[in-house]
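What follows is a single structure, written as structure tokens, with notes after it.
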Amino acid sequence: MSGDAGTGKHVSACSGPADFGRFVRAHGGSRALVVQPRMGFGTPAEMRTGLLATKYADARTVGTITLDSYTRVGELGAVDRALRDGMALNGYPLVTHDRATTTAVLAGIVDAGFPVQVRHGSAVPHDIFAALVAMRMNATEGGPVSYCLPYGRTALAQSVRNWAECAERFAGLREFGVEPHLETFGGCLLGQLCPPSQLVAMSVLEALFFFAHGIRSLSVSYAQQTNLDQDVEAVFALRRLCAELLPVENWHVVIYAYMGLYPTTDAGAYRLLGQAAELAVTTGSERMIVKTVAESRRIPTIGENVAALEHASAAGTAAAPGGGPPEGDSQTYREAAALVEAVLNLDEDIGRALLTAFARGYLDIPYCLHPDNRGRTRSYLDEQGRLQWADLGSLPLSPVVRSGRGRRVTSSSLLADLSYMQRKFDSPWPDSGRGPARSVRTGQRGVGR
Amino acid sequence: MKPDEVLARAAAAPVRHRGTVVVSGVASDSHTWNLVFLQLVIEELGYTVVNLGPCVPDEVLVERTTALLPELLVLSSVNGHGYQDGLRVVRALRAAPELVATPMVIGGKLDISAEFDPRRVAELAEAGFDAVFPDNGGGLAAFRRFVDTFPAAPRLTTDSGLPG
């Protein structure tokens, strides 16, 4: 059962929805974990069923409405056609369904004990934010870089403009007594093979961007990567940089369960999810977004999502206490701080700073093919499964990274790295340690999923 | 690498350079890792690769391919719409006079079925592709062999006058 029993009853009549950020900070952190699915359905009835199942899962949960991919790219005509012809959509078409429909979906579900976040993935999100503001829906996510460079071809400068306008419009919700919350997607980027320091830096920079455009309730993401020790170090670095740089207290960390090629076995998927929960609890992270056993195959069912929420919550409760943040500056902290500092020094306007940074290669996402990404950095997994730089390109990291040049990434080494977690967690002999069995036996399976 | 950099590098290329191959996603597909992987495979076979990335609109693909006039154009799609997207874009590509004889191939997970229908392979070939490499059935190994024996074999097939 999620939510405080009865808290909803005490909300005064005039108040809008609860602040997502304040809710998560109240119920997550200090070894407690708020868990959340990725979930979106085209029909109002299914969407409502999914939200109800999330609300009443045996875990402290928040709800998700994931939008369909036509809405994400602004092809609203395709949404109309799909709804008219009864074609299934892969998410909830928030912009197209009328307000009464969405109000009915949420009625009796959203309350002070169960906030709901809208997730999309758009570099052109004006229609989405307009719908959010009209509906007084006050939690969503994204970012000028993280929703642009990894997907499609929207120019980065355009995405920066779009996100600045939309964040300011969203901040206008405060005029109605509603606190808007934004989560950075910068801790994910291409989902795998970006060294953690740049994920941390991007999340911090996007949070600063949101703050500059009026948002005061923030969360910063970090996606589980390939080595638990390195991930723990990264999340502590993220927390420290946020504490040092964000001018608000109302921020929290959200961990995404692994976003790369997922294990194909149920046992492997659950062990990987459990490790993400361990990462979250060890680092004092307040919230976690789960993945399901169906991840490698198809869009998960509501039941699979509930099972994942409950598994993650239980794994978080059972995780051994961590040792707290590292003494001194970790390697990930040094790199992330150097990236953030270099970017912030480029321009006092953070949007322009981000554009200049990508133009000069001070930020450069490995393997990202977007025309506005320099594409000169490369990365690889070392023998312990830690993500390392193979080529720094023009990143301002040469003073803090010892090696990092000249390692050749081949097609077979790339495949091995992309499928490393799937291989490791599908193995019937669970690894006691955190190191890889670095074989290439799965060949080309999984590329391009 | 940016197309301009590729052109600059190609102009100053060493003698062993086998030429330029364009790798691209199709309009509706935002997947990247398949394109990154193919770039490395093709580079390892001795070519310079211009990777146009994911979600390339048809007109951009025609314009860039016409400007670069590569030895080979490789389209990859894994979101299940490659068959439709491929049929449409290859006709647009073949309609450009400069690209009538340019070797073009497509591969990946081209529809949402487990086994790609051989008739669809024939349709894609008829629409203008020189070869089709569905994900099922050893597509990658066949693709490697195809590129490695290049340009002799595909030149012959294109010169023999495919439609489009």
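The values are calculated or read from the model by the stated rules, or taken from the named source; none is laboratory data. Small disclaimer: the values here were computed from a predicted structure and weren't measured. Don't worry about glycine lacking a Cβ; one is built from the backbone with ideal geometry, like all the others, and counts go over all protein chains shown.
Taking the condition of a type outside the set (K, R) and assigned to a helix (DSSP H, G or I), does A:E383 pass? Talk me through it step by step, then tell me what you get.
Values: of a type outside the set (K, R): yes; assigned to a helix (DSSP H, G or I): no.
Spelling it out, it is not the case that A:E383 is of a type outside the set (K, R) and assigned to a helix (DSSP H, G or I).
For the list (1) buried (at least 17 other Cβ atoms within 10 Å of the Cβ); (2) more than 10 Å from every other protein chain (Cβ to nearest Cβ); (3) not in a loop (DSSP other than H, G, I, E, B), I need the number of the one condition that B:E123 fails.
For B:E123, the failing item is (1).
Which residue, of A:D372, A:D364, A:D417, is at pLDDT 95 or above, more than 25 Å from A:Q275 (Cβ to Cβ) and within 12 Å of another protein chain (Cβ to nearest Cβ)? Show your work before the answer.
Working: A:D364 fails: within 12 Å of another protein chain (Cβ to nearest Cβ); A:D417 fails: more than 25 Å from A:Q275 (Cβ to Cβ).
Every option except A:D372 fails the conditions.
Name the one entry in B:L73, B:L68, B:L140 that is within 11 Å of the chain's Cα centre (by Cα) and under 25 Å from A:Y151 (Cβ atoms).
On the way: B:L68 fails: within 11 Å of the chain's Cα centre (by Cα); B:L140 fails: within 11 Å of the chain's Cα centre (by Cα).
Sole residue among the options that is within 11 Å of the chain's Cα centre (by Cα) and under 25 Å from A:Y151 (Cβ atoms): B:L73.
What number of residues within the stretch B:15-38 are within 11 Å of chain A (Cβ to nearest Cβ) and within 11 Å of the chain's Cα centre (by Cα)? First the steps, then the outcome.
First, the residues of the stretch B:15-38 that are within 11 Å of chain A (Cβ to nearest Cβ): B:23-25, B:27-38.
Filter again for within 11 Å of the chain's Cα centre (by Cα), leaving B:23-25, B:35, B:38.
So the answer is 5.
What's the number of the condition A:L339 fails, among (1) assigned to a loop (DSSP other than H, G, I, E, B); (2) touching a Leu at 6+ places or on another chain (Cβ under 9 Å)?
The failed condition is (1).
Only one residue in B:E98, B:E43, B:E63, B:E59 is out of contact with any Lys or Arg (no Cβ under 8 Å at 6 or more places or on another chain) and within 11 Å of chain A (Cβ to nearest Cβ). Which one? Write out each step before concluding.
Working: B:E98 fails: within 11 Å of chain A (Cβ to nearest Cβ); B:E63 fails: within 11 Å of chain A (Cβ to nearest Cβ); B:E59 fails: within 11 Å of chain A (Cβ to nearest Cβ).
Residue meeting the stated conditions: B:E43.
Residue-by-condition table, conditions (1) away from chain B (no Cβ under 14 Å); (2) closer than 28 Å to A:L33 by Cβ; (3) modelled with pLDDT under 95:
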residue	(1), (2), (3)
A:R352	yes, no, no
A:A390	no, no, yes
A:R405	yes, no, yes
A:G433	yes, yes, yes
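Being touching a residue at least 24 places away in the same chain (Cβ under 8 Å), under 28 Å from B:V26 (Cα atoms), more than 14 Å from every other protein chain (Cβ to nearest Cβ) and touching a helix residue (DSSP H, G or I) at 6+ places or on another chain (Cβ under 7 Å): is that true of A:V160 here? First the steps, then the outcome.
Working: touching a residue at least 24 places away in the same chain (Cβ under 8 Å): yes; under 28 Å from B:V26 (Cα atoms): yes; more than 14 Å from every other protein chain (Cβ to nearest Cβ): yes; touching a helix residue (DSSP H, G or I) at 6+ places or on another chain (Cβ under 7 Å): yes.
Spelling it out, A:V160 is indeed touching a residue at least 24 places away in the same chain (Cβ under 8 Å), under 28 Å from B:V26 (Cα atoms), more than 14 Å from every other protein chain (Cβ to nearest Cβ) and touching a helix residue (DSSP H, G or I) at 6+ places or on another chain (Cβ under 7 Å).
Being within 25 Å of A:G16 (Cα to Cα), touching a Pro at 6+ places or on another chain (Cβ under 8 Å) and surrounded by fewer than 22 Cβ atoms within 10 Å (Cβ to Cβ) is true for just one of A:A57, A:A104. Which residue is that? If you could, list the steps in order and put the result at the bottom.
Details: A:A57 fails: touching a Pro at 6+ places or on another chain (Cβ under 8 Å).
The conditions single out A:A104.
Which numbered condition trips up A:T265, out of (1) over 20 Å from A:E141 (Cβ atoms); (2) β-branched (V, I, T); (3) free of Cβ contacts under 8 Å to residues at least 60 places away in the same chain?
Against the list (1) over 20 Å from A:E141 (Cβ atoms); (2) β-branched (V, I, T); (3) free of Cβ contacts under 8 Å to residues at least 60 places away in the same chain, A:T265 comes up short only on (3).
Residues in the stretch A:134-141: is at least one away from chain B (no Cβ under 14 Å), part of a helix (DSSP H, G or I), within 24 Å of A:A107 (Cα to Cα) and not acidic (D, E)?
Here is the first cut: in the stretch A:134-141, the residues away from chain B (no Cβ under 14 Å) are A:134-141.
In the following step, the residues that additionally are part of a helix (DSSP H, G or I) were identified as A:134-135.
Subsequent filtering for residues that are within 24 Å of A:A107 (Cα to Cα) retains A:134-135.
Still in the running and not acidic (D, E): A:134-135.
Scanning the stretch A:134-141, I find at least one residue that is away from chain B (no Cβ under 14 Å), part of a helix (DSSP H, G or I), within 24 Å of A:A107 (Cα to Cα) and not acidic (D, E), so the answer is yes.
Assuming A:D382 fulfils every condition listed in (1) farther than 22 Å from A:S146 by Cα; (2) under 23 Å from the mean Cα position of the chain (by Cα); (3) at pLDDT below 95; (4) of a type in the set (D, E, K, R) apart from one, which condition is it?
A:D382 satisfies every listed condition except (2).
So, B:A125, is that one out of contact with any Cys (no Cβ under 8 Å at 6 or more places or on another chain) and modelled with pLDDT of 95 or more or not? If you could, list the steps in order and put the result at the bottom.
Values: out of contact with any Cys (no Cβ under 8 Å at 6 or more places or on another chain): yes; modelled with pLDDT of 95 or more: yes.
Yes, satisfied.
Hey, among A:A342, A:A294, A:A336, which residue is under 25 Å from A:Y420 (Cα atoms) and in contact (Cβ under 8 Å) with a residue 24 or more places away in the chain?
Numbers: A:A342 fails: under 25 Å from A:Y420 (Cα atoms); A:A294 fails: in contact (Cβ under 8 Å) with a residue 24 or more places away in the chain.
Exactly one residue qualifies, and that residue is A:A336.
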